[in-house]
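This report concerns only the one structure given below.
The values are calculated or read from the model by the stated rules, or taken from the named source; none is laboratory data. Everything quoted here is computed from the prediction, not taken from an experiment. Here the Cβ is made from the backbone with ideal geometry for all residues, glycine too, and neighbour counts use every protein chain on show.
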Amino acid sequence: MCTCRLRAVVAVLAVYPMIEVRAAGASPSAPTALAGALLACVILAMVAIGVGARWRRERTRANRLESRIQAQERELARHRGDLAELVAEQTVDLLLAKEAAERARCAQADFLAGLALELRGPLHAIGGYAQLGCAATGKAAREHVYFSRIDRSAQHMLTMVTELCDLPSATRTGGPVALGPVDWAAVCREVVARGDALLRAKRLSVSMDVAPDLTPVHADQARLREVAEHLFSNAVKFSPVGARIDIRLHEAPDGAGDVVLEVADQGTGLAEEVPERLFGAYGRDGATGSMAVPVGGLGLSICRQHVEIFGGRIEAGNRAAGGAVFRVWLPGLRRAGSVSAEAPG
């Protein structure tokens with residue numbers, strides 16, 4: 001558009017002298033025509049020079065912009081290469097750190113397991129000799145009191161060592177979890193039968209209430225047995241002599257298809273703030289002084305891990321009649337089947 005306008009201006013300026021001469025009534029002379037042509041050539045040359053200069057400026061600007069874009073692309077490519085190299089180096093460092101941490105964790109677990117096994121023998125011997133001393137002395141004798149304290153201390157240490165043995169299995173990834181239908185009532189009966197000697201030693205009784213037609217639960221039988229054994233042993237440990245342990249198995253009242261296990265004792269119960277931190281490693285209740293009772297350990301922490309693997313939950317609290325109660329919710333087989341059917345393939 002600009003070039004067309006320039007051509008029109010040059011044409012007008014070239015013929016302007018002849019138009020002026022014809023308007024005066026005279027014929028244009030050769031010098032006048034020549035002057036007009038020369039003027040047109042000069043103007044055309046000036047226009048061409050201006051257009052060429054502008055084209056060169058635009059071309060220079062385009063070249064600079066292209067050079068800048070190429071430089072930025074080279075810089076971006078260099079940064080991309082540096083970033084890829086940095087990511088690769090950090091990935092290698094993370095993998096090496098993970099392997100080192102795994103080796104350290106396994107070494108720690110092996111050390112704890114070996115230490116616990118080495119401690120069990122002397123503790124069994126201490127407890128055995130203490131029991132022999134108790135049997136050889138009368139209950140009114142001072143030595144009997146001393147032997148009883150030694151026996152209780154040895155049993156307490158043996159419990160801690162047993163939990164220490166469980167720590168490697170809790171920290172290791174372990175084998176695969178074999179989830180399947182498990183008769184929870186049969187597991188609980190087996191646990192109670194195994195603890196018959198403990199019950200007779202403290203003259204404890206067990207009331208077991210199992211709902212009829214109870215659906216099996218979806219769990220790993222070996223790990224579920226560990227959960228039941230630990231809850232039962234805790235109830236025995238913190239029950240007074242001659243008390244009763246209540247075990248109930250029933251379906252959850254909300255109709256969600258869960259099966260609930262309740263293990264309740266008639267001990268001193270738990271402090272109000274305890275249930276929130278009970279399942280941490282080596283938790284304690286809120287009592288102080290001589291009434292301070294260890295209510296948590298590795299065992300309860302492991303129980304929670306197992307229950308969560310099964311898709312359930314575990315809670316603790318106090319019952320109105322006195323004593324502590326532990327409740328475990330696990331998905332029943334019907335609920336587990338419906339969840340598997342609804343899961344996308």
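List of remarks:
- Selection count where residues are touching a helix residue (DSSP H, G or I) at 6+ places or on another chain (Cβ under 9 Å) and crowded, with 17+ Cβ neighbours inside 10 Å, scope region 247-264: 8
- The lone criterion from (1) surrounded by fewer than 19 Cβ atoms within 10 Å (Cβ to Cβ); (2) within 23 Å of residue 312 (Cβ to Cβ); (3) modelled with pLDDT under 90; (4) of a type outside the set (Ser, Thr, Tyr) left unmet by residue 230 is number (1).
- Enumerated helices (runs of 4 or more DSSP H) restricted to region 126-220, each holding at least 3 residues that are touching a strand residue (DSSP E or B) at 6+ places or on another chain (Cβ under 6 Å) and modelled with pLDDT of 85 or more: 184-194
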